[in-house]
Amino acid sequence: MFRHYLRLMIFGAGLLGGIQVPGFIDQYVKRVDAQWRESQQNLSGFQDTADRYFDGSLLRLIAHYRSSKDRVFVSDADNIENIMLRNQRLKTHLTQLDAPLVTQIWVIASNADVDILQRTREVYSYVVLLTPEAVAVGLIMALLFAVLGDGSIWIMKIAITGRRKRSPMIR
C-alpha cells in the first residue's frame with residue numbers, strides 16, 4: 001500500500017517539476033533579452049561615433065582607440081570590444097532561443113550562458129503555467145520520475161532479497 005502512495009508522490013513531484021520547466025525557460029529568455037538590450041544601449045554611443053567617423057565599423061573605432069598614445073583610450077578599446085562581443089553573443093543566443101520549447105530546452109541544456117543561468121536560478125519565481133507545452137513537459141517528467149522510481153524500488157528489492165521473484169507458472 002505504501003509503495004502505491006510512494007509511486008503517486010514520485011509521479012506528482014515529476015509533474016510539478018516538469019510544469020516548472022517552461023516557466024524557467026521563459027524567465028531565462030527574458031533575462032537574456034534584457035541583458036542584450038542593456039548591452040545594445042551601452043554600445044549605442046560608440047556605434048554613433050563609429051557611424052560618424054568609421055563608416056559604422058566598431059572594429060575600426062576600436063583599432064583607432066588602440067593606436068592612440070593615450071593609455072586611457074587604449075584601455076577603453078578593450079572595454080568597447082568586450083561590450084561588442086557580449087552584445088554579439090547575447091544576440092546569437094537570443095536567435096537560438098527563438099525556437100520551439102524542445103529546442104529551447106536543448107539550447108539551454110547544452111549552451112546556456114552560465115552567469116545568466118545562475119542568476120535566473122537565484123531569482124526564479126515558481127509558476128504553474130497551464131499551457132499545453134507545460135502540461136506535456138510535466139507529464140513527460142512525471143512518467144520519467146515514475147519509471148525511475150519503480151526501477152529504483154525494483155533494484156532495491158533485488159538487492160535486499162538477492163534474487164528476482166518469479167511469477168508462478170500457470171498450469
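The values are calculated or read from the model by the stated rules, or taken from the named source; none is laboratory data. As the structure is a computational prediction, the values presented were derived from the model and not from experiment. Please note: Cβ atoms are built from the backbone with ideal geometry, for glycine as well, and neighbour counts cover all protein chains shown.
Can you tell me how many residues in segment 58-78 are assigned to a loop (DSSP other than H, G, I, E, B) and within 32 Å of the chain's Cα centre (by Cα)? First the steps, then the outcome.
Within segment 58-78, the subset assigned to a loop (DSSP other than H, G, I, E, B) is 67-70.
From what is left, the residues that are within 32 Å of the chain's Cα centre (by Cα) are none.
So the count comes out to 0.
Tell me which residues, restricted to segment 111-143, are more than 20 Å from GLY17 (Cβ to Cβ), out of contact with any Lys or Arg (no Cβ under 6 Å at 6 or more places or on another chain) and not in a loop (DSSP other than H, G, I, E, B).
Filtering segment 111-143 down to residues more than 20 Å from GLY17 (Cβ to Cβ) leaves 111, 113-116, 119.
Those left that are additionally out of contact with any Lys or Arg (no Cβ under 6 Å at 6 or more places or on another chain): 111, 113-115, 119.
Passing the criteria: ASN111, VAL114, ASP115, ARG119.
Which one of these does GLU122 not meet: (1) at pLDDT 90 or above; (2) of a type in the set (D, E, K, R); (3) surrounded by 12 or more Cβ atoms within 10 Å (Cβ to Cβ)?
The single condition GLU122 does not satisfy is (3).
Mind checking whether some residue in segment 50-67 is in contact with a Gly (Cβ under 7 Å, 6 or more places away or on another chain) and not charged (D, E, K, R)?
Here is the first cut: in segment 50-67, the ones in contact with a Gly (Cβ under 7 Å, 6 or more places away or on another chain) are 50.
Those still in the list that are not charged (D, E, K, R) too: 50.
For segment 50-67, residues in contact with a Gly (Cβ under 7 Å, 6 or more places away or on another chain) and not charged (D, E, K, R): present.
Residue under question is ARG86, and the condition is that it be in contact with a helix residue (DSSP H, G or I) (Cβ under 8 Å, 6 or more places away or on another chain), exposed (fewer than 12 other Cβ atoms within 10 Å of the Cβ) and either under 30 Å from GLY151 (Cα atoms) or without any contact (Cβ under 8 Å) to a residue 60 or more places away in the chain (or both); does it hold? Lay out the reasoning, then the answer.
Working: in contact with a helix residue (DSSP H, G or I) (Cβ under 8 Å, 6 or more places away or on another chain): yes; exposed (fewer than 12 other Cβ atoms within 10 Å of the Cβ): no; either under 30 Å from GLY151 (Cα atoms) or without any contact (Cβ under 8 Å) to a residue 60 or more places away in the chain (or both): yes.
Spelling it out, it is not the case that ARG86 is in contact with a helix residue (DSSP H, G or I) (Cβ under 8 Å, 6 or more places away or on another chain), exposed (fewer than 12 other Cβ atoms within 10 Å of the Cβ) and either under 30 Å from GLY151 (Cα atoms) or without any contact (Cβ under 8 Å) to a residue 60 or more places away in the chain (or both).
Across segment 89-106, which residue is farthest from PHE24 (Cα to Cα) among those that are aliphatic (A, V, I, L, M) and touching a residue at least 12 places away in the same chain (Cβ under 8 Å)? Write out each step before concluding.
Filtering segment 89-106 down to residues aliphatic (A, V, I, L, M) leaves 90, 94, 97, 99, 101-102, 105.
So of that shortlist, the ones also touching a residue at least 12 places away in the same chain (Cβ under 8 Å) come out as 90, 94, 97, 101, 105.
Values: LEU90: 18, LEU94: 15, LEU97: 13, LEU101: 11, ILE105: 10 Å.
The extreme case among them is LEU90.
Across segment 34-55, what is the number of residues that are in a loop (DSSP other than H, G, I, E, B) and loosely packed, with under 13 Cβ neighbours inside 10 Å?
Filtering segment 34-55 down to residues in a loop (DSSP other than H, G, I, E, B) leaves 54-55.
Now drop any that are not loosely packed, with under 13 Cβ neighbours inside 10 Å, which leaves 55.
Going through segment 34-55 one residue at a time, the tally reaches 1.
Exactly one of (1) touching a residue at least 40 places away in the same chain (Cβ under 8 Å); (2) under 30 Å from PHE145 (Cβ atoms); (3) surrounded by fewer than 16 Cβ atoms within 10 Å (Cβ to Cβ); (4) under 19 Å from the mean Cα position of the chain (by Cα) is unmet by ARG7. Its number?
If we test ARG7 against (1) touching a residue at least 40 places away in the same chain (Cβ under 8 Å); (2) under 30 Å from PHE145 (Cβ atoms); (3) surrounded by fewer than 16 Cβ atoms within 10 Å (Cβ to Cβ); (4) under 19 Å from the mean Cα position of the chain (by Cα), just (4) comes out false.
Please specify each residue of segment 125-152 satisfying the condition of being without any contact (Cβ under 8 Å) to a residue 60 or more places away in the chain and surrounded by 14 or more Cβ atoms within 10 Å (Cβ to Cβ).
Scanning segment 125-152 gives a single hit, ALA136.
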